[in-house]
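Below you'll find the structure, written out as structure tokens, and then a few comments.
The values are calculated or read from the model by the stated rules, or taken from the named source; none is laboratory data. Quantities reported herein were computed from a predicted structural model and do not represent experimental measurements. A quick note on method: Cβ atoms are made from the backbone with ideal geometry, for glycine too, and the neighbour counts reach across all protein chains shown.
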């Protein structure tokens, strides 16, 4: 999932194997969508019912896997992502009736105001951590909150906390499906307030064996920064430190609800 040009690549090669890689690692998008719906309901925001569909925007929607699951839950969905190759995969998955907008965090207000308001805005898989700095992160959270209608909810999955980040860890995983095998290795580092991850991918498919690398830098901001920014724009905020059951380190989930009904 991509949001800003300089901190993560998310090009055509990654888009080609992205879903296989994470499904092979056990990421359960359907369960995550259900968990978001449950958290939103508990926080006091409305969720879809047969007679009352709700609108949802997924920011940094990537290949649209979360969007597909939210649509199954009754949401009328839309998405935005910086990466055109990832959006191409999303369009193939979701069809032409789902609005999908190319743009970065900086493009959010102009690109999406005409589509607002939304009942639910999500920014998952720690995509928010591609913000350039804390000030940008705070502004983006305000921009996302501004897209909510009365009673609407903003759900954000932050990045791993600095105290939980392990430097010089070597990770590896393999996934195979439909004649394609992906082997990925990752090395973790740190650069100031940013976690760094260098990925090397080795892929075997009908085109032969090929490889590519990606380097990602993610802002490690305290949970209090997220909560404070969301409260500053009038949202009532709750924080679940456990978050989704994916990966060794829990990232948590933050839900902010706008007043109204």
Item to check | Candidate set: segment 176-192, residues that are touching a residue at least 40 places away in the same chain (Cβ under 8 Å) and under 27 Å from residue 157 (Cβ atoms); chosen: the one farthest from the chain's Cα centre (by Cα) | outcome: 177
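Would you be able to say whether some residue in segment 174-183 is in the same structural domain as residue 138 (by TED's automatic domain parsing), farther than 20 Å from residue 139 by Cα and surrounded by 13 or more Cβ atoms within 10 Å (Cβ to Cβ)?
Taking segment 174-183 and keeping what is in the same structural domain as residue 138 (by TED's automatic domain parsing), we get none.
Within segment 174-183, not a single residue is in the same structural domain as residue 138 (by TED's automatic domain parsing), farther than 20 Å from residue 139 by Cα and surrounded by 13 or more Cβ atoms within 10 Å (Cβ to Cβ).
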Item to check | Test: residue in segment 156-168 that is over 18 Å from the mean Cα position of the chain (by Cα), more than 18 Å from residue 215 (Cβ to Cβ) and surrounded by 15 or more Cβ atoms within 10 Å (Cβ to Cβ) | outcome: no
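Kindly indicate the residue of segment 221-232 that is in contact with a strand residue (DSSP E or B) (Cβ under 8 Å, 6 or more places away or on another chain) and surrounded by fewer than 20 Cβ atoms within 10 Å (Cβ to Cβ) and also nearest to residue 12 (Cα to Cα) among those meeting that condition. So that I can check it myself, show each step before the final result.
Of the residues in segment 221-232, the ones in contact with a strand residue (DSSP E or B) (Cβ under 8 Å, 6 or more places away or on another chain) are 223, 226-227, 230-231.
Narrowing further to those that are surrounded by fewer than 20 Cβ atoms within 10 Å (Cβ to Cβ): 223, 227, 231.
Details: 223: 33, 227: 34, 231: 37 Å.
Applying the filter and picking the extreme gives 223.
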Checklist entry - For the subset of segment 150-165 comprising residues that are out of contact with any strand residue (DSSP E or B) (no Cβ under 6 Å at 6 or more places or on another chain) and modelled with pLDDT of 95 or more, which member is farthest from residue 255 (Cα to Cα)? => result 150
Item to check | Filtered residue count, segment 193-210, keeping only those that are in contact (Cβ under 8 Å) with a residue 24 or more places away in the chain and either under 18 Å from residue 164 (Cα atoms) or part of a loop (DSSP other than H, G, I, E, B) (or both) | outcome: 4
Checklist entry - Of all helices (runs of 4 or more DSSP H) completely enclosed by segment 31-140, which ones contain at least 1 residues that are within 17 Å of the chain's Cα centre (by Cα) and modelled with pLDDT of 95 or more? => result 65-72, 84-94
Item to check | Selection from segment 112-170 of residues that are assigned by TED's automatic domain parsing to the domain that holds residue 192 and at positive phi | outcome: 168
Checklist entry - Out of (1) over 17 Å from residue 156 (Cβ atoms); (2) surrounded by fewer than 16 Cβ atoms within 10 Å (Cβ to Cβ), what's the single condition that is false for residue 42? => result (1)
Checklist outcome for this item: The condition of being more than 21 Å from the chain's Cα centre (by Cα), on the phi > 0 side of the Ramachandran plot, modelled with pLDDT under 95 and in a loop (DSSP other than H, G, I, E, B) holds, among 260, 234, only for 260
Item to check | Tally, over segment 22-36, of residues that are surrounded by 15 or more Cβ atoms within 10 Å (Cβ to Cβ), touching a strand residue (DSSP E or B) at 6+ places or on another chain (Cβ under 7 Å) and farther than 15 Å from residue 155 by Cβ | outcome: 1
